[in-house]
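Below: one structure, written as structure tokens.
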Amino acid sequence: MASIEFRKVTKSFGDSTVIKDLDLTIADGEFTVLVGPSGCGKTTLLRMIAGLDPQTSGAVLIDGKDVTQIAPGQRGVAMVFQNYAIYPTMSVRENIEFGLKNNKVSKEERTELVESISATVGLSEYLDRKPSTLSGGQRQRVALARAMVKKPSVFLMDEPLSNLDAKLRIQMRIELIELHKKLGTTFVYVTHDQVEAMSMADTIVLMNKGVIQQEASPDLIYREPNNRFTAQFVGVPPMNVAPLGTDGAHFGFRPESAVLTRTPSDAWFRYKGVITTREMLGSETIYQVKNEQFTFMIKCYEDLFTVDEHVYVGVPVEKIMLFGADENRIPREDPRAADYLERLRRQGDE
Amino acid sequence: MNNTTRWDTLRPYVMILPAMLAILCFVIYPVFYLLKLSFYRYNLLNKAKSKFIGLDNYKQLFSKDEFYVALNNTLIYTVTVVLLTIVIALLLALLINRKKTRFNAFLQAGIFTPHIISIVSIALVWMLLMEPNFGILNYVLKTFGLPTSKWLQSSSTSMLSVILVSVWHNVGYYALILLAALQSVPPTIYEAAALDNASRFKTFYKITLPMISPQLFFVLIIMTIGSFKVFDTVRIMTGGGPNNSTSTLVYHIYEYRSNNLGYASATGIILMVIIAILTFVYFRVLANKVHYQ
Ligand SMILES: Nc1ncnc2c1ncn2[C@@H]1O[C@H](COP(=O)(O)OP(=O)(O)OP(=O)(O)O)[C@@H](O)[C@H]1O
Ligand SMILES: [Mg+2]
């Protein structure tokens with residue numbers, strides 16, 4: 001068990017700096033998910049923890065100790081790679097055992113560990129098979145078992161579910177959550193899928209272009225986004241955001257915060273538009289409602305409307321969020337907030 | 001209906017027919033002709049005087065000391081060349097694969113160069129280098145105060161000299177094959193091994209070697225077959241001497257090409273059988289250690 005700390009960490013590849021002066025603390029025993037768009041530096045961050053691609057400057061601490069000089073194999077971390085990186089020439093058993101052998105674990109203990117871990121991940125029947133004869137999901141389990149068997153204090157996972165089909169992915173998600181509960185070790189999980197992040201994390205670290213945008217629980221990230229990027233990254237569909245028309249400020253609201261009606265409502269902000277698309281997703285339906293000024297996605301739990309229908313969109317004032325020109329959120333207490341809200345109300349249809 | 005099914009069964013055979021004809025004419029027929037020759041006392045000047053003598057050529061062969069000397073020389077040559085070439089080629093490939101530097105790119109091009117030069121030219125140049133009195137090799141050895149060698153002119157060092165030239169000629173080519181194999185190993189596997197706390201030796205032995213085993217196996221077989229049939233270096237550099245110390249099986253065949261074609265053919269058949277057996281043994285012993293993706 002261990003906490004992880006980044007202190008003023010910078011990482012460059014040649015002349016391109018991917019991460020600059022990053023500070024981050026990952027709490028001991030937590031399930032932390034690093035999430036962000038492709039190329040934002042998630043894998044880079046993970047590899048610095050593992051020691052596979054050491055930082056250019058700054059310090060990485062595991063359990064309070066600077067690990068810069070410590071070899072990857074000695075850091076007490078295990079990693080599940082995005083492409084699994086299973087040793088193709090070894091059987092499943094040899095794959096799982098390899099780390100133990102290198103750490104001079106005795107044969108009896110090894111056999112016992114391999115048997116119990118493979119039972120946990122459901123690989124017992126496949127121990128003597130070569131990886132090339134396994135399915136994607138089974139290979140993923142081999143990678144997991146290989147990491148688990150070493151009893152690491154830190155578990156690193158780089159998009160381990162991205163190669164699986166949707167159904168297996170959801171199943172594995174649950175298994176990973178349970179695994180974390182059982183082991184209680186620090187998990188650092190990388191994904192670019194915000195749904196995965198929301199469903200698994202204790203803490204989400206949202207990154208963009210090598211900069212941390214927000215670090216909070218899924219709940220807070222969703223309800224209280226720090227900035228426009230966070231607001232528009234999480235949620236399916238993401239938050240509706242449009243310019244206010246002054247100072248480069250923007251306003252936004254979640255698709256499910258709006259109400260659709262056929263007759264004008266007395267909502268605080270409202271506009272009249274026409275439904276241009278309709279996506280029926282089962283329990284909910286997502287409409288795109290458009291007028292000359294706004295195009296917003298609206299989520300409804302009842303499927304009452306059809307394409308080309310004229311509807312009224314209404315949003316209560318407490319659901320409206322404001323963002324400044326610097327993209328940061330403007331809290332309600334801010335002196336600008338009242339003015340901006342008033343402007344917004346006048347933009348809506350009376 | 002019936003027509004189409006018949007055509008369906010025939011079509012594959014019709015399609016490989018041209019290739020089969022070529023193989024029949026240029027591979028199968030010569031081999032059988034060679035076999036036939038080995039049972040005759042063949043008269044090159046007057047074909048009509050050729051005579052079927054059964055296994056006499058083989059009996060003669062197995063009772064001749066020269067044959068055993070040639071066989072022994074060939075074995076020594078093959079084992080040494082194959083081992084040295086594979087080990088050196090592997091070391092070179094590992095060295096070049098470590099980093100992408102200018103020097104390594106240069107080295108990669110450099111070691112391949114001997115392979116594009118004709119072996120005849122190479123043999124001639126090395127003969128000059130190995131000249132005991134004026135050659136550069138002895139000059140260099142002398143400058144460093146090391147004992148000189150008579151190289152090709154002594155029966156105790158002649159074979160080694162021929163081996164040296166062959167290894168020098170081949171090593172770059174095989175290093176390149178192994179380098180390509182090394183470069184196709186996904187780097188994440190090595191990273192996984194680093195996280196598994198594997199030592200460098202263990203990583204090499206348990207991961208690198210198995211990963212490049214198909215190419216190693218290929219090189220081993222190709223080199224063994226090639227070395228067994230060594231001829232050109234021997235023909236040019238030593239002519240089998242001194243004192244038969246570099247006479248190999250193919251050179252032995254060559255020596256009897258005109259005055260006893262039947263005997264030469266019998267030797268050729270024996271050579272073919274030896275190579276076939278060796279290849280078979282390789283596959284038997286090693287094939288399950290080779291990892292194919
Ligand atoms: N070895 C490298 N050499 C040069 N640039 C690199 C290297 N590795 C990563 N980068 C760059 O660093 C940036 C971050 O890469 P990284 O792999 O961390 O992204 P990521 O967040 O994991 O993306 P993804 O979700 O697509 O996996 C990218 O712009 C990438 O081009
Ligand atoms: Mg990545």
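Only DSSP H runs of four or more residues enter the estimate; each adds -39500 (n - 2.57), and after division by the residues of chain A the mean residue ellipticity at 222 nm equals -8500 deg cm²/dmol. Loop-located trypsin sites (Lys or Arg not before Pro) in the stretch A:150-236 (DSSP state not H, G, I, E or B) with no more than 14 neighbouring Cβ atoms inside 10 Å: A:LYS209.
In this assembly, the A-B interface accounts for approximately 1800 Å² of buried accessible surface in total, computed with a 1.4 Å probe and without ligands, DNA or RNA. Along its three principal directions, the equivalent ellipsoid of the stretch A:4-223 from the Cα gyration tensor extends over semi-axes of 29, 20, 16 Å, largest first. Length gained on full extension, A:VAL211 to A:LYS181: 7.9 nm, using 0.36 nm per residue less the C-alpha separation.
The spread of Cα positions in the stretch A:284-323, taken along each principal axis and listed from longest to shortest, comes to 32, 25, 14 Å.
For the segment A:85-97, counting C-beta atoms of other chains within 10 Å of every residue's C-beta and taking the mean gives 4.
The alpha-carbon positions of chain B define a convex hull whose volume is 233 Å³ per residue. Kindly provide the GluC sites (Glu not before Pro) of the stretch A:188-257 that DSSP labels as loop, not H, G, I, E or B, and whose Cβ sees at most 10 other Cβ atoms within 10 Å. Filter output for the stretch A:188-257: empty list. Derived scalar couplings between HN and Hα for the stretch A:309-326 equal 7, 8, 9, 10, 9, x, 10, x, 4, 6, 8, 7, 10, 10, 10, x, 5, 7 Hz in order, rounded to whole Hz, by the Karplus curve 6.51 cos²θ - 1.76 cosθ + 1.60 (θ = phi - 60°), x for Gly and Pro.
Among A:ALA143, B:HIS169, A:PHE294, which residue has its Cα positioned farthest towards the positive end of the charge dipole of the protein assembly as shown, with +1 placed on the Cβ of Lys and Arg, -1 on the Cβ of Asp and Glu, and the dipole taken about the Cα centre? Highest projection toward the positive end goes to B:HIS169. Protein heavy-atom accessible surface, 1.4 Å probe, per residue over the protein assembly as shown: 51 Å². Extending 7 Å from Cα along the Cβ direction at B:LEU34 and again at B:ILE16 yields two label points whose distance is 2.3 nm. When chain B is treated as a Gaussian network with alpha carbon springs shorter than 10 Å, the biggest mean-square fluctuation among B:GLY268, B:GLY240, B:GLY54 belongs to B:GLY54. Ligands, DNA and RNA left out, the 1.4 Å accessible surface of the protein assembly as shown is 59% carbon and sulfur atoms.
Between B:ALA93, B:ALA70, B:ALA109, where does the largest GNM mean-square fluctuation fall for chain B, given springs only between Cα atoms within less than 10 Å? Result: B:ALA109 has the largest fluctuation of those listed. With a simple spin-label model that places each label point 7 Å from the Cα along the Cα-to-Cβ direction, the separation between A:SER135 and B:VAL281 comes to 4.6 nm. Across A:ARG110, A:ARG139, A:ARG336, the residue with the most accessible area heads the list, and the full order at a 1.4 Å probe is A:ARG336, A:ARG139, A:ARG110. Counting only protein heavy atoms and using a 1.4 Å probe, the accessible area of A:CYS40 comes to about 0 Å². For the stretch B:236-293, the fraction of C-alpha pairs farther apart than 14 angstrom is 67 percent. When each full DSSP H helix of chain B is screened for a Cα extent of at least 24 Å along its own axis and an average Kyte-Doolittle hydropathy of at least 0.0, the helices passing are B:2-23, B:65-98, B:158-183, B:261-286.
I need the GluC sites (Glu not before Pro) found in the stretch A:292-327, filtered to DSSP loop residues with at most 13 other beta carbons within 10 Å of theirs. In loop regions of the stretch A:292-327 (DSSP not H, G, I, E or B), the sparsely surrounded GluC sites (Glu not before Pro) are A:GLU292, A:GLU302. Only alpha carbons enter this Debye calculation for the protein assembly as shown, each as an equal point scatterer, and the log10 of I(q)/I(0) it gives at q = 0.08, 0.10 Å⁻¹ is -0.84, -1.04. Spatially, the stretch A:203-247 and the stretch A:78-129 are offset by 40 Å when compared through their Cα centroids.
GNM remark for chain B: springs join alpha carbons under 10 Å apart, and the peak mean-square fluctuation among B:VAL167, B:VAL185, B:VAL140 falls on B:VAL140.
The values are calculated or read from the model by the stated rules, or taken from the named source; none is laboratory data. This is a predicted model, so every value here is computed, not measured. We place every Cβ from the backbone using ideal geometry, glycine too, and count neighbours over all the protein chains shown. Please note that ligands, DNA and RNA were not included when accessible areas were found on the heavy atoms of the full protein model with its side chains. Shrake-Rupley method; radii C 1.70, N 1.55, O 1.52, S 1.80 Å.
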